[in-house]
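What follows is a single structure, written as structure tokens, with notes after it.
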Amino acid sequence: MIRRIAIGLTALAAALVTPLPAAQAAAAGGDPVVRTEAGLVRGETNAEGRQFLGIPYAEPPVGKLRWREPHAVQPWQGVRSAKGFGNKCVQTSSWDPGYEHPSYTEDCLDLNVYVPEGSARRSVLVWFHGGGLTAGAGQDVVPDTFARQTGTVVVTVNYRLGAMGFLATSALDGETHDGVSGNFGMLDQQAALRWVRANIGRFGGDPGRVTIAGESAGGRSVCTQLASPTARGLFRAGIIESGAYGDCGARTHQEAVTQGADFAKKLGCTTVACLRGKSAREILEAQGDFDWGPVTGGAFLPVQPEQAIATGTASRVPVINGSNKDEGRLFAFSAFDLNGTPLTAERYPVVMRNDFDEQALQRYPLSAFPTPTIAYATALGDTLFSCSALRLDGLLAARGPVYSYEFADRTSPPFASLRNLHTDFDFGATHVNEVQYLFKHFGLESPLNAEQRALSRQMVRYWGSFVRDGVPRAAGQPAMPAGPDVVLSLKTASKGGNTLSTSVHQEHRCDLWDGASAG
């Protein structure tokens with residue numbers, strides 16, 4: 001939705017030029033109005049509290065600002081409406097609700113603020129959305145209920161994606177202050193965090209108690225921000241949900257510049273001016289064959305996140321880190337069953353040898369799984385997510401508190417995008433599925449049964465406790481363990497409830513995958 005700017009102030013609104021207390025209501029109308037550094041914003045109130053949507057935290061990265069570090073947003077006059085989400089950053093269409101059409105809009109650097117009723121100075125959760133760094137938006141989760149239940153302020157963030165967020169070329173290197181381009185989307189996240197530090201107190205939040213969190217690419221973003229020297233001091237804790245895949249790895253500068261040159265060639269460009277002259281549609285159509293992600297070698301990310309954590313140069317803050325028990329099922333379904341070509345018993349050995357190796361085929365015998373697709377999915381999830389998360393736990397534990405969990409509710413309903421497909425595939429506790437237990441995923445209520453709702457309440461308490469106090473606890477439940485050897489397994493009561501497990505490493509055959517990673 002395009003942001004609406006209120007023009008022609010009434011006498012009442014003109015009186016709001018002086019600074020306002022946090023989230024003060026604008027008298028007769030009841031809509032809350034808050035002064036940010038750039039100007040006044042008017043949100044709205046619902047049954048869960050106050051919300052302010054589509055607030056710009058940086059100038060639109062268009063024209064000459066495309067592929068530049070985010071610039072401070074220019075002040076505006078009057079009261080800006082903050083009652084509708086801003087634009088999604090440039091991305092293709094997908095099966096997710098609300099993503100039926102591609103977005104070609106670069107004016108997208110907005111954030112959303114959700115505030116419970118009351119005047120307390122509250123801890124703050126800043127959420128980075130998932131989507132492979134090529135898709136998604138801050139509006140993918142609506143955390144108003146979470147904010148009310150936990151007594152926290154929640155901020156969700158848009159950031160540049162795909163080529164718009166992560167293009168690196170030698171020419172763009174020359175436009176940066178440290179000679180390394182390609183981290184524009186990550187720098188957007190830091191700009192949003194600086195906005196939070198400067199403004200969140202006026203919404204009732206405490207800028208000294210900020211936790212960054214995210215799922216999948218959002219979790220990878222948290223891992224990256226932990227390792228970034230330029231993010232130090234912008235948060236006091238982090239939550240990584242299914243974000244440790246690839247050991248939080250980033251592209252080397254040389255890899256990124258080489259890919260950038262190939263991308264420019266695909267568009268027929270030899271100069272940055274040519275690239276900036278291409279439409280968003282042209283950029284989007286050309287980006288699909290390339291890997292987009294953060295780049296090492298500059299001030300933002302001098303070394304790989306894994307190295308920064310291992311050597312102690314990463315932020316030493318408490319972290320919740322975890323994954324889902326059946327992460328790989330979403331990806332295996334997408335590769336096989338979604339296309340009407342489920343993996344067969346005959347093809348299984350060939351696919352396993354091609355994608356992994358003979359040893360993996362032996363460790364994942366088809367006889368141990370209900371279908372070939374699920375057998376393959378188990379190997380995929382173990383190597384990409386479960387074992388990567390456990391390795392990251394070990395690194396983080398040497399530098400500060402790390403609290404480990406595994407979302408293991410195999411009874412959980414598929415998240416909204418998959419429910420819309422009307423498939424009988426058993427997704428179990430697959431990638432993304434835990435998000436609907438914490439927030440309204442895509443703004444929708446999830447069809448949780450009574451036991452699942454109870455688990456949802458428990459998870460919200462764990463996460464909320466961590467955001468408020470830095471330690472994840474839930475009344476009547478085992479404390480989320482600190483350290484790399486014990487994991488809190490999150491399950492419904494009929495499946496054993498929340499339990500402490502020392503066997504997760506063994507269950508996911510991490511002896512096999514840890515050796516592969518080291519090699």
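Based only on Cα atoms, what Rg/Rh ratio does the range 376-504 have, Rh being taken as Kirkwood's radius?
Working: Rg = 15.0 Å, Rh = 15.6 Å.
We get a ratio of 0.96 for the range 376-504.
Starting from the Kirkwood Rh over alpha-carbon pairs, what translational D in µm² s⁻¹ does the chain have by Stokes-Einstein at 20 °C and 1.002 mPa s?
In µm²/s, the coefficient is 91.
Can you tell me which lysines have their Cα less than 26 Å from the Cα of residue 278? Leave out same-chain residues fewer than eight positions away.
64, 88, 265, 266
Output the peptides 484-492, 182-190 sorted from most to least packed, where packing is the average of other Cβ atoms within 10 Å over each peptide's residues.
Taking the mean over residues of other Cβ atoms within 10 Å, the ranking is 182-190, 484-492.
Taking just the C-alpha trace of the range 135-228, give me its Rg and Dmax in Å.
Considering the range 135-228 through its Cα atoms, Rg and Dmax are 15.1, 49 Å.
Arrange the peptides 58-64, 408-414 so that the one whose residues have, on average, the most other Cβ atoms within 10 Å appears first. Don't skip to the end; give the middle numbers.
Working: 58-64: 16.4, 408-414: 21.4.
Ranked from most to least packed, the peptides come out as 408-414, 58-64.
Estimate the FRET efficiency between residue 354 and residue 311 by the formula 1/(1 + (r/R0)^6), using the beta-carbon distance for r and 45 Å for R0, to the nearest 0.05.
Calculated value: 0.80.
Please enumerate, by chain and number, the lysines with C-alpha under 23 Å from the C-alpha of residue 83, excluding those fewer than 8 residues away in the same chain.
Within the straight-line limit of under 23 Å, residue 83 reaches these lysines: 440.
When the helix-only estimate is applied to the chain (DSSP H runs of n ≥ 4, each -39,500 (n - 2.57), divided by the residue count), what is the mean residue ellipticity at 222 nm, nearest 500 deg cm²/dmol?
-8500 deg cm²/dmol
Pairing the Cα long axis of helix 450-469 with the longest principal axis of the chain, what angle in degrees results, from 0 to 90 and rounded to the nearest 10?
Helix 450-469 sits at roughly 60 degrees to that axis.
Distance from the Cα centre of the range 480-519 to that of the range 266-324, in angstrom?
A separation of 30 Å, based on Cα centres.
Let's test the formula: R0 of 25 Å, r as the Cβ-Cβ distance of residue 198 and residue 273. What FRET efficiency results, to the nearest 0.05?
0.15
What FRET efficiency, computed as 1/(1 + (r/R0)^6) with R0 = 22 Å and r the Cβ-Cβ distance, is obtained for residue 281 and residue 175, rounded to the nearest 0.05?
Plugging the Cβ-Cβ distance into 1/(1 + (r/R0)^6) gives 0.40.
Can you compute 3J(HN,Hα) from phi for each residue in the range 134-139, using the Karplus curve 6.51 cos²θ - 1.76 cosθ + 1.60 with θ = phi - 60°, rounded to whole Hz and x for Gly and Pro?
10, 8, x, 7, x, 6
Read-outs: derived from the displayed coordinates by stated rules, not from any lab. Everything numeric here is computed off the predicted structure, so don't read it as measured data. Neighbour counts are summed over all protein chains in view; Cβ atoms, including those assigned to glycine, are modelled from backbone coordinates with ideal geometry.
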